[in-house]
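Student: Below: one structure in structure tokens.
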Amino acid sequence: MSHYALFPLTLGQILREYAITELHLTLNAGKWNYDNWGHPHEAGVGTGAELWAWMGVSEVTTVDERWSGLRNALSGLFCASLGSLDTRRTLSPTVAFPLSGSTPTFAPHELRHASLPSENVCTENLTPFLKLLPCKSHAGLAALLNPQKVFDADWHGMGIHVIWKEDAGVELKLTLQAVFNPVRTSAGKRRDWNLQSLFDRTIERPCPVANSSSVTVILPEEEDHKITPENPTYADGLAIYGLSSSSNFTIPLNIGMHWPSEHSFHYPLPPLTPVAPLSVKRTIHGTTQTRGVLSVSVTNNSPQELLAGYLEMMPALLTLWMHTLKVEINSQLRSDLLSGLKYHPPSLQSNDRLSPSMLQAVLTIPPKTTLKISMEVNKAFLKYTEHPPDAMRGWDLPGAVFFPLPQLSHDTCSSCDWERIYTPTLLVDLPTPDFSMPYNVIILSCTLMTLIFGSIFNLLTRKWVVVEIQE
């Protein structure tokens, strides 16, 4: 990273200033459906903003000081609210978020992780994202990224991943994922698609500085489909279109797929078998604004026993009562399926703010079984100055994270190759003061003052005369 011919200068300066060894930033909108869509190509699909970084320990500045500067710098670069990822949302879950690149030996490293589930993703985030690319959005695959089409998808998200490799140096990976539903947008309820219909654009030319550029299409299992242009390179159920100057495809390139014999698409009934090895549901329920129950349901869809890590990063808004933790299968207690339980309660920081609580555990999930975890929670009473402007809407809680662990069995397991799974975010209703009361008092006081002042003013200024009425 000594020169910036291809590496973006703005991002490189931030990495150098705060001595970042590894950085991951994702901005996502929507809820990823693991059961229907399977695992994404990039695991970071948690709703909202998620930032985590590994930094080496230094004698000049502390890790927390550099973490604060990193948040503010990235907030300005990507026009996001990353400055809100303060100590109230920062933790160090090293087991769930290990180093993706090489492990540095020159200094001990620490992790800082924070998420903001209420962050919205819009064009203001996509524009600086595209500016990091060597060809911007003028050529290559990035030319397809039409904001009006991308943000109309069922789910969309972007990611910035910086890792350090001992032999290669710093590696930057920019990703943008989106889930389109052609049936929803087509007039005839057909699943036919092409680049023009999805993005309202085609690939005009490859990026001149790219060593390689290709489009990979995953082919469906049925054989009654047709893909255009014809004669791509086929490999392991994939159709690959190379965008080099020596390819046989004409420019502009409009890749598409259609089903000639299908008049309209009908979703299969009954629902398909879940694609992901784990299906997770997480809810919080209760009838009051002071107490509730956090419930997590985990289903093992594979025929093998799975060992999975379970991570909860809960803001200080909620207090987890660990003595009420229960693990059940078919309404029977199975405490033996939970091990390695670690709980870090909220702690008071130097700025008089409470850090989040962190719960980590190892779950042993039998095959084709649903395991339920539940525990009671208390909801905090906040000062009226700590409530957001839309306090009656509630507070967004980050999703739980399930991550793979080394399996106990050495048997071949085709469904054990999975990455982190994020549950959808939750909305919790906290005790909320009546913010309308000050306005009611002001209106009542002003009304009374007006009546009193008007009466006294009339008595002091009005001239009373006797009117004689002649008969």
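Student: Take Ala139 and tell me if it is of a type in the set (A, V, I, L, M) and in contact with a helix residue (DSSP H, G or I) (Cβ under 9 Å, 6 or more places away or on another chain). Explain how you work it out, then say what you get.
Tutor: Values: of a type in the set (A, V, I, L, M): yes; in contact with a helix residue (DSSP H, G or I) (Cβ under 9 Å, 6 or more places away or on another chain): no.
So Ala139 does not fit the description; no.
Student: Which one is surrounded by the fewest Cβ atoms within 10 Å (Cβ to Cβ) among residues in segment 216-237 that are of a type in the set (A, V, I, L, M) and under 28 Å from His263 (Cβ atoms)?
Tutor: Among them, the one singled out is Ile218.
Student: Quick one: which of Ala143, Ala187 is of a type in the set (A, V, I, L, M), out of contact with any Gly (no Cβ under 7 Å at 6 or more places or on another chain) and surrounded by fewer than 16 Cβ atoms within 10 Å (Cβ to Cβ)?
Tutor: Exactly one of Ala143, Ala187 is of a type in the set (A, V, I, L, M), out of contact with any Gly (no Cβ under 7 Å at 6 or more places or on another chain) and surrounded by fewer than 16 Cβ atoms within 10 Å (Cβ to Cβ), namely Ala187.
Student: For segment 68-89: of the residues being polar (S, T, N, Q) and out of contact with any helix residue (DSSP H, G or I) (no Cβ under 7 Å at 6 or more places or on another chain), which is farthest from Ala400 (Cα to Cα)? Let's see the steps before the verdict.
Tutor: Step one: of segment 68-89, the residues polar (S, T, N, Q) are 68, 72, 75, 81, 84, 87.
Cutting the leftovers down to out of contact with any helix residue (DSSP H, G or I) (no Cβ under 7 Å at 6 or more places or on another chain) gives us 68, 84, 87.
Numbers: Ser68: 24, Ser84: 20, Thr87: 19 Å.
Among those residues, the one meeting the criterion is Ser68.
Student: OK, next. Can you tell me which residue within segment 98-112, out of those that are under 28 Å from Leu359 (Cβ atoms) and without any contact (Cβ under 8 Å) to a residue 60 or more places away in the chain, is surrounded by the most Cβ atoms within 10 Å (Cβ to Cβ)?
Tutor: Leu111
Student: Could you list, in sequence order, all residues of segment 349-400 that are surrounded by fewer than 14 Cβ atoms within 10 Å (Cβ to Cβ) and closer than 25 Å to Asn301 by Cα?
Tutor: Of everything in segment 349-400, those that are surrounded by fewer than 14 Cβ atoms within 10 Å (Cβ to Cβ) and closer than 25 Å to Asn301 by Cα turn out to be Pro367, Lys368.
Student: What's the number of the condition Thr287 fails, among (1) free of Cβ contacts under 8 Å to residues at least 24 places away in the same chain; (2) touching a Gly at 6+ places or on another chain (Cβ under 6 Å)?
Tutor: Exception for Thr287: condition (2).
Student: Tell me, which strands (runs of 3 or more DSSP E) wholly within segment 164-283 include 2 or more residues that are touching a strand residue (DSSP E or B) at 6+ places or on another chain (Cβ under 7 Å) and not assigned by TED's automatic domain parsing to the domain that holds Leu363?
Tutor: Strands (runs of 3 or more DSSP E) meeting the threshold: 169-179, 214-218, 226-228, 238-242, 256-258.
Student: Could you please find all residues in segment 417-462 being basic (Lys, Arg) and closer than 30 Å to Pro404 by Cα?
Tutor: Arg420
Student: Is there any pair with a first residue in segment 113-136 that is not assigned by TED's automatic domain parsing to the domain that holds Ser213 and buried (at least 20 other Cβ atoms within 10 Å of the Cβ) and a second that is basic (Lys, Arg) and modelled with pLDDT of 90 or more whose Cβ atoms are under 6 Å apart and which are 6 or more apart or on different chains, and what are they?
Tutor: Ala114/Arg89
Student: Only one of these conditions is not met by Gln289: (1) surrounded by 13 or more Cβ atoms within 10 Å (Cβ to Cβ); (2) out of contact with any Asp or Glu (no Cβ under 8 Å at 6 or more places or on another chain); (3) within 30 Å of Leu430 (Cβ to Cβ). Which number is it?
Tutor: For Gln289, the exception is condition (2).
Student: Which pairs turn up if I take residues in segment 1-24 that are assigned to a helix (DSSP H, G or I) and look for partners that are at pLDDT below 95 and surrounded by 13 or more Cβ atoms within 10 Å (Cβ to Cβ) with beta carbon separation below 6 Å, at least 6 apart in sequence or on another chain?
Tutor: Between residues of segment 1-24 that are assigned to a helix (DSSP H, G or I) and residues that are at pLDDT below 95 and surrounded by 13 or more Cβ atoms within 10 Å (Cβ to Cβ), the close pairs are Gly12/Met1.
Student: Also, quick follow-up: Kindly list the number of the only condition in (1) in contact (Cβ under 8 Å) with a residue 40 or more places away in the chain; (2) closer than 18 Å to Gly159 by Cβ; (3) buried (at least 21 other Cβ atoms within 10 Å of the Cβ) that fails for Met55.
Tutor: So the condition that Met55 fails would be (2).
Student: Of all residues in segment 112-145, which are part of a loop (DSSP other than H, G, I, E, B), more than 30 Å from Met314 (Cβ to Cβ) and touching a Leu at 6+ places or on another chain (Cβ under 9 Å)?
Tutor: Selection gives Leu132, Leu133, Pro134, Lys136, Ser137, Gly140, Leu145.
Student: Now a separate question. Looking at this structure, is Ser297 surrounded by fewer than 18 Cβ atoms within 10 Å (Cβ to Cβ), in the same structural domain as Gly394 (by TED's automatic domain parsing) and in contact (Cβ under 8 Å) with a residue 60 or more places away in the chain?
Tutor: Answer is yes for this residue.
Student: Just checking, does segment 293-307 include any residue being over 27 Å from Glu419 (Cα atoms) and either at pLDDT 95 or above or of a type outside the set (Ser, Thr, Tyr) (or both)?
Tutor: Yes, the conditions are met somewhere in segment 293-307.
Student: Sort out for me the strands (runs of 3 or more DSSP E) sitting completely within segment 330-442 that have 2 or more residues that are more than 24 Å from the chain's Cα centre (by Cα) and either over 30 Å from Glu65 (Cα atoms) or free of Cβ contacts under 8 Å to residues at least 12 places away in the same chain (or both).
Tutor: 338-344, 357-365, 370-379
Student: Ala276 fails exactly one of the following numbered conditions: (1) crowded, with 18+ Cβ neighbours inside 10 Å; (2) at pLDDT 90 or above. What is the number of that condition?
Tutor: It is condition (2) that Ala276 fails.
The values are calculated or read from the model by the stated rules, or taken from the named source; none is laboratory data. Only a predicted model underlies this, so the values are computations on that prediction, with no experimental measurement involved. Quick reminder, even Gly has a Cβ in these numbers, built from the backbone with ideal geometry, and neighbours come from all protein chains shown.
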